[in-house]
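J.: The structure follows.
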Amino acid sequence: MIRRMVTNPMPQFPAGFLWGVSTSAHQIEGAADTREPSVWDVFTAEPGRVKDGSTAAVACDSYHRSHEDVALLAGLGVDAYRFSVSWPRVASPGGLDFYDRLVDALCAAGVRPVVTLFHWDLPVALDWLERDTASRFADHACVVAERLGDRVAKWITLNEPAEHTLLGHALGVHAPGRRLMFDALPVAHHQLLAHGLAVRALRAAGAGDIGIANSHGPTWAASESPEDREAAEFYDLLLNRLFSDPLLIGRYPEGFGELMPGDVEADLKVIAEPIDWYGINYYAPTRVGAPHGAEIEFGGLSLPAELPFTVREIEDRPVTDFGWPVVPEALTELLAGFRERYGDRLPPVLITENGCSYQGVDDQERIAYLDGHIRALHRAVEAGVDVRGYFVWSLLDNFEWAEGYTRRFGLVHTDFETLERTPKASYAWLRDLLRAQR
Ligand code: FCB
């Protein structure tokens, strides 16, 4: 069944469509002893925080093996590689040398560097509850742009401020491990402000082609009942629109602006600084219903009883080994929804992450997942959404945050004992797909 589906020819994407893969510094680099510590180093050192008790001290050791990673990218035939710079490494003596060499190697291999400036590994001395962190981030952006700006193809300010706020500061299951619930909202505001200040700083440093990587997914009400619909609407505001409305229409969803710190109106002008493109990380939709007054366990998270919603299972769908439902058509729905909501205010879109966790090297399920999602993306393009690129998460199996090394998202298998890389079936499949798109 899976094999039959994927033998249908993939429709052609528009000329110039950008195909890539994504990673992040903390998840692959290792060599933690060659940089300053981040909040993730502190968090993973605390017992019980990471499922398999692991840390990212070595991870894929990409710091020492980036030549292998670049060779894998070249063999795959991607146009672009999205990686992040570790802020603590950039702040360490000589830290930028590593990225300078990596960018050169990518350019020599014909792969365009797409740089994320922050992918959750905050230097330990900083805190997103503090407004000043936003200015410090703009300084960091400037330092990186001055060194790499002549060769970087695209800039991403932040990765998923929604997840970093929710998981790191509201629920405490990611670094820095705070369980502040709604008191975490300033963390969202300060990251959005940081984004806007960084856009300005990058442009002032002569860098262009700037976007963000925001996580989004359709929210489906558990039923048509007013209670379920209201709960789903709230969830959608909190996890989707809280992070897209300020950027694209310069305001917070109703009721949220009052909860944010500082001169919110003035900050929104900075936050809404026009961007060149909007990045979306998409994995799955969420089914949401009215709260039932008890703590629930969902997708590895324990959601407190006081939340004004619950998250329910999406039935009759295959799930990845992370338990995430596989719903490709929700990607078409998501993009059509963005186009409808933001109209001409929506700049060109890039899918900056999409992928799935499965075990094994003969990963036919991953092929089916990617095939379905790329077709769903094509339907959105046909329907008139201006999508300019697609990045698979991830190049190689890596440190999956609180899940440690138990989840494998890679097109390439990593043996975490020997650090040997082995391309999976999905790697060959994507390589062939990209060849057919040229
Ligand atoms: C996203 C993160 C990325 C990775 C994938 C599976 O939320 O941006 O680092 O963990 O999920």
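Since every read-out is calculated from the coordinates, none of them should be taken as a lab result. These numbers were taken from a predicted model, which means no experiment stands behind them. Here the Cβ positions follow ideal geometry from the backbone for every residue, glycine too, while neighbour counts run over all protein chains shown.
J.: Counting pairs of alpha carbon atoms under 8 Å apart in space and at least six apart in sequence, what relative contact order in percent does the chain give?
T.: On the way: 890 pairs, mean separation 78.2, N = 438.
It rounds to 18 percent for the chain.
J.: For the range 293-438, what class follows from the C-alpha gyration tensor (a ≥ b ≥ c being the square roots of its eigenvalues): rounded when a/c is under 1.5, otherwise prolate if a/b is larger than b/c, else oblate? Don't skip to the answer; put the middle values down first.
T.: Working: a/c = 2.01, a/b = 1.02, b/c = 1.97.
Oblate, because a/c is 1.5 or more while a/b does not exceed b/c.
J.: While we're looking at this one, here's another question. Which lysines does Lys154 reach when only Cα atoms under 25 Å apart count, and residues fewer than 8 places away in its own chain are ignored?
T.: Lys269
J.: Based on the mean of other Cβ atoms within 10 Å per residue, sort peptides 37-45, 176-184 so the most packed one is first.
T.: Details: 37-45: 20.1, 176-184: 15.9.
The most tightly packed comes first, giving 37-45, 176-184.
J.: For a protection proxy built on the mean count of beta-carbon atoms within 10 angstrom, sort 336-345, 112-121 highest first, please.
T.: Going from most to least packed, we get 112-121, 336-345.
J.: Moving on. So what are the ³J(HN,Hα) numbers for the range 153-158, from phi and the Karplus equation (6.51, -1.76, 1.60; θ = phi - 60°), rounded to whole Hz, Gly and Pro as x?
T.: 7, 8, 10, 10, 5, 10
J.: Could I ask something else about it? If each residue's Cβ is checked for other Cβ atoms within 10 Å, how do Glu306, Glu68, Glu160, Glu329 rank with the fewest at the top?
T.: The order, fewest Cβ neighbours first, is Glu306, Glu329, Glu68, Glu160.
J.: Shape call for the range 268-340 from the C-alpha gyration tensor, a ≥ b ≥ c root eigenvalues: rounded (a/c under 1.5), prolate (a/b greater than b/c) or oblate?
T.: Oblate, since a/c reaches 1.5 and b/c is not below a/b.
J.: Let me ask you something else. Taking amide hydrogens as modeled 1.01 Å from N in the peptide plane, which residues meet the under 5 Å criterion relative to Val288, leaving out close sequence neighbours?
T.: Counting only residues 5 or more places away or on other chains, the set is Trp220, Ala221, Ala222, Arg312.
J.: Tell me whether the chain comes out rounded, prolate or oblate; compute the Cα gyration tensor, take square roots of the eigenvalues as a ≥ b ≥ c, and use a/c under 1.5 as the rounded threshold.
T.: rounded
J.: Sticking with this one: What number, in percent, do you get for the relative contact order of the range 64-148 if the mean sequence gap of Cα pairs under 8 Å and at least 6 apart is divided by its residue count?
T.: 36 percent
J.: While we're here: Packing-wise, with mean Cβ within 10 Å as the measure, how do 90-101, 241-252 rank, highest first?
T.: Top of the packing list down: 241-252, 90-101.
J.: Quick check: net charge around Ala105, other residues with Cβ under 14 Å of its Cβ, Lys/Arg +1 and Asp/Glu -1?
T.: -1
J.: Which ordering of Cys356, Cys142, Cys60 is given by a fewest-first count of other beta-carbon atoms within 10 Å?
T.: Result, fewest neighbours first: Cys142, Cys356, Cys60.
J.: Let me ask something else about it. Taking loop as defined by DSSP and a crowding limit of 13 other beta carbons within 10 Å, which GluC sites (Glu not before Pro) in the range 203-302 fit?
T.: Values: sites: Glu224, Glu227, Glu230, Glu233, Glu254, Glu258, Glu265, Glu295, Glu297; in loops: Glu224, Glu254, Glu295.
Those satisfying the criteria are Glu224, Glu254, Glu295.
J.: What does the charge count around Ala221 come to, taking other residues whose C-beta lies under 11 Å from its C-beta (Lys +1, Arg +1, Asp -1, Glu -1)?
T.: Cβ neighbours under 11 Å give a net charge of -3.
J.: When each pair of different Cα atoms in the range 1-119 is counted once in the 1/r mean, what is the Kirkwood radius in angstroms, to one decimal?
T.: By the Kirkwood definition, the hydrodynamic radius is 16.2 Å.
J.: Thr422 label point, 7 Å along Cα→Cβ, cut-off 17 Å on backbone N: hits in the range 362-392?
T.: Zone members listed by number: 362-366.
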